[in-house]
Amino acid sequence: MPGHGVPPPRPVTLADIARAAGTSASTASRALSGRGYVSPVARDRLLAAAEQLGYVPNASARTLKQQTSRLVGVAVSDLANQFYAGLAAGIEHTLRAAEYQMVLVSDNSDRSQELACARTFLAMRAAGVIITPADHAAASLLARHGVSVVEVDRRLAKIDCDAVVIDNERGGRAATAHLLALGHRRVALLMADTDWTSDAGRLNGYRAAHSEAGLEVDARLIVPIAFHAADTEQRIDALLEAHRPTAIFAANNELAQHAWQVLRRRRLRLPGDVSLVAFDDVPWMTMVAPRITVVAQPTLEMGRQAARLLLRRVEEPRRPTELVRLEPALVVRGSTAPPR
């Protein structure tokens, strides 16, 4: 370990490698970047010298020269939520195959934090940004600076940009129709209290399933709950106590987990006392008994598609914007049955 007052070793430069290999610096640059012709003999010599000297490319210098980088910013709503972790995994796999790196941050579904993330990506000269938006402002800021944006899971931007979404209305309709077909007539909906297109779609699907079955929606059974609300389980408790639903459709995986915990605490059996359907399929849902009936989303594929859209946009900035809409699938398990 260097002692106090001892300067750190000087980084190895292209000139050092060129000198060691007996070539020019421009030849060394072409060999190490993989761009332009270098004879096989010279390339082998340069690569060997780079390895021996421990050369590390100066990404900051390259970014300044090219006015961009091979970094892609990814801002998601909640890194603790397995849905967003799966989404990020799909993005990273596709970017890595294209020799881009992902910088992943969480904005906690907060507009000001999301804007701060956007400013950070601008400072990094990110090649593009993939975002699960909490608001429209971040996308607008990035677009004003010429940075390509892809929205995932929902669409809030007021600019033209590519997007990957799920058919949320179809998923909400499938979950609710399944419960109604089993004979349930008091189906509660737990949903996030947002103005996001994803939540609006799931609510529309819930309403559409009732309409198609010739049933009225009881507004008292629809419970919008803010993200990370301290009283989430108390509100679910109050719903069960006051309105006695025989089935619950939880429109995201976190609300499904809270509902499951409340039902267990109240000693209500699944599906004997209450049926439960969740939107999204995360690991715990197959680790409990009975396993939870879900509307499964192709989360990894959403991430892959978002990364592909961004890479195409970087290569072809003027091509028409594209919306990719993926389909969810109802997976029936043991948490739903006819009411007793």
Region 13-151: mean projected area of Cα convex hull, nm²: 9.6 nm²
Sparsely packed GluC sites (Glu not before Pro) within region 164-269, loop by DSSP, other Cβ within 10 Å at most 11: Glu216
Karplus 3J(HN,Hα) series, Hz, for region 216-230 with 6.51 cos²θ - 1.76 cosθ + 1.60 (x for Gly, Pro): 7, 8, 8, 4, 5, 8, 9, 10, x, 10, 5, 4, 6, 5, 5
Cβ-derived FRET efficiency at R0 30 Å, Ala89 paired with Arg312, nearest 0.05: 0.90
Per-selection Rg to Rh, region 256-340 - Cα, Kirkwood hydrodynamic radius: 1.22
Potential lengthening between Arg340 and Ala80 on full extension [0.36 nm per residue; Cα-Cα distance subtracted]: 89.9 nm
For region 240-249, Karplus couplings with θ = phi - 60° (6.51, -1.76, 1.60), whole Hz, Gly/Pro x: 5, 6, 8, 10, 6, x, 8, 8, 10, 9
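Distances longer than 19 Å among the Cα atoms of region 95-184: what percent of all pairs is that? The partial results should precede the final answer.
Values: 1933 of 4005 pairs.
Cα-Cα pairs in region 95-184 separated by more than 19 Å: 48 percent.
Evaluate the relative contact order of the chain (contact order divided by residue number), counting alpha-carbon pairs under 8 angstrom at least 6 apart; express in whole percent.
On the way: 618 pairs, mean separation 57.8, N = 340.
Answer for the chain is 17 percent.
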Using alpha-carbon coordinates, inclination of helix 253-265 to the longest axis of the chain, degrees: 40 degrees
Potential lengthening between Asp110 and His243 on full extension [0.36 nm per residue; Cα-Cα distance subtracted]: 44.6 nm
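Please give the contour-minus-distance gain from Arg266 to Ser39: 0.36 nm per residue of separation, less the Cα-Cα distance, rounded to one decimal in nm.
Values: separation 227, 0.36 × 227 = 81.72 nm, distance 7.47 nm.
That pair, Arg266 and Ser39, stretches by 74.2 nm at full extension.
Taking a cut-off of 34 Å, what percent of all Cα-Cα pairs in the chain are separated by more than that? Numbers along the way, then the final one.
Details: 23535 of 57630 pairs.
Summing the P(r) tail past 34 Å for the chain gives 41 percent.
Tell me, what is the Rg over Rh of region 221-281, with Rh the Kirkwood radius over Cα pairs?
Values: Rg = 10.6 Å, Rh = 11.6 Å.
Computed over Cα atoms, the ratio is 0.91.
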Placed amide H near Val150: partners under 5 Å, 5+ positions off or other chain: Val129, Ile130, Ile131
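Beyond 27 Å, what share of the Cα-Cα pairs of region 168-297 is found? Please give it as a whole percent. Intermediate values should be presented prior to the final figure.
On the way: 676 of 8385 pairs.
When every Cα pair of region 168-297 is considered, 8 percent fall beyond 27 Å.
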Amide hydrogen neighbours beyond the local backbone of Trp196, cut-off 5 Å, H modeled: none
HN-Hα J in Hz across region 94-100 - Karplus 6.51, -1.76, 1.60, θ = phi - 60°, x for Gly and Pro: 6, 5, 4, 4, 9, 6, 10
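Could you list the square roots of 5 times each eigenvalue of the Cα gyration tensor of region 186-242, that is, the equivalent ellipsoid semi-axes, sorted largest first and rounded to whole Å?
Details: eigenvalues 89, 52, 6 Å².
Computed over region 186-242, the values are 21, 16, 6 Å.
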Ala200 versus Ala226: modelled label distance in nm, points set 7 Å from Cα along the beta carbon direction: 2.1 nm
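Just so you know, all these numbers are worked out from the coordinates, no wet-lab data involved. Small disclaimer: the values here were computed from a predicted structure and weren't measured. Methodologically, a virtual Cβ is constructed for each residue, glycine included, from the backbone with ideal geometry; neighbour enumeration extends over all protein chains shown.
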